[in-house]
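The values are calculated or read from the model by the stated rules, or taken from the named source; none is laboratory data. Predicted model, so just to flag it, every value in this text is computed and none were measured. For neighbour counting, all protein chains shown are included, and Cβ atoms are generated from backbone atoms with ideal geometry for every residue, glycine included.
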Amino acid sequence: MQRGTPIAVTVTRWIGLLGASLWAGVHLVLAAHVAFPGYLTATEIYSTFFGFTSALAIVTSVIFLLGIRGLYLPTLIFYIIDLALLTETRTAPALFIGKVLPVNIYVEISWVLDVLLIIVSALLWKIDRA
């Protein structure tokens, strides 16, 4: 953290850091355990997707930690897209599977964390100016 940074900005960054780290952890578990019986290609694609987005979430954790202002907007866009994809696969047939996916504890945690991280990213984008 930089010297002279307002305490509200620092606290918001740490909330983002912890939220993004938890989000990455949830998706790393999914990357290792996702399975769609009868849909081997879908299993591989979704597992890779979860692993990739986990890596992106770890990068967003670092963005929050270091306070890289120029990357708050891309972080905000990342979590908006993730929330949209998560909601879409629970309301319409999922790509490569052709059916609506069930809501479970991982989905509920992801919805909460996505909303939290959208708010944190938007706040930082607005209040953490040079």
- Query: How many of the residues making up the range 26-57 are β-branched (Val, Ile, Thr), surrounded by fewer than 15 Cβ atoms within 10 Å (Cβ to Cβ) and either in contact with a helix residue (DSSP H, G or I) (Cβ under 7 Å, 6 or more places away or on another chain) or without any contact (Cβ under 8 Å) to a residue 60 or more places away in the chain (or both)?
  - Reply: 2
- Answer yes or no: is there a residue in the range 5-21 that is surrounded by 17 or more Cβ atoms within 10 Å (Cβ to Cβ), aromatic (Phe, Trp, Tyr) and either within 17 Å of the chain's Cα centre (by Cα) or at pLDDT 90 or above (or both). no
- Residue list for the range 63-117, filter: acidic (Asp, Glu) and either more than 24 Å from Thr43 (Cβ to Cβ) or loosely packed, with under 14 Cβ neighbours inside 10 Å (or both): Glu108
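Scan the range 69-76 and give yes if some residue there is within 17 Å of Lys126 (Cα to Cα), outside any loop (DSSP other than H, G, I, E, B) and more than 16 Å from the chain's Cα centre (by Cα), otherwise no.
Quick first cut of the range 69-76, residues within 17 Å of Lys126 (Cα to Cα) only: 69-76.
Within this subset, residues satisfying the condition of being outside any loop (DSSP other than H, G, I, E, B) are 69-76.
Okay, now just the ones that are also more than 16 Å from the chain's Cα centre (by Cα), so 69-70.
Checked the range 69-76: at least one residue is within 17 Å of Lys126 (Cα to Cα), outside any loop (DSSP other than H, G, I, E, B) and more than 16 Å from the chain's Cα centre (by Cα).
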- Message: Contact list please: Cβ distance under 9 Å, first residue in the range 118-130 and in a loop (DSSP other than H, G, I, E, B), second residue of a type in the set (S, T, N, Q), pairs at least six apart or on different chains.
- Response: Asp128/Thr5; Asp128/Thr12
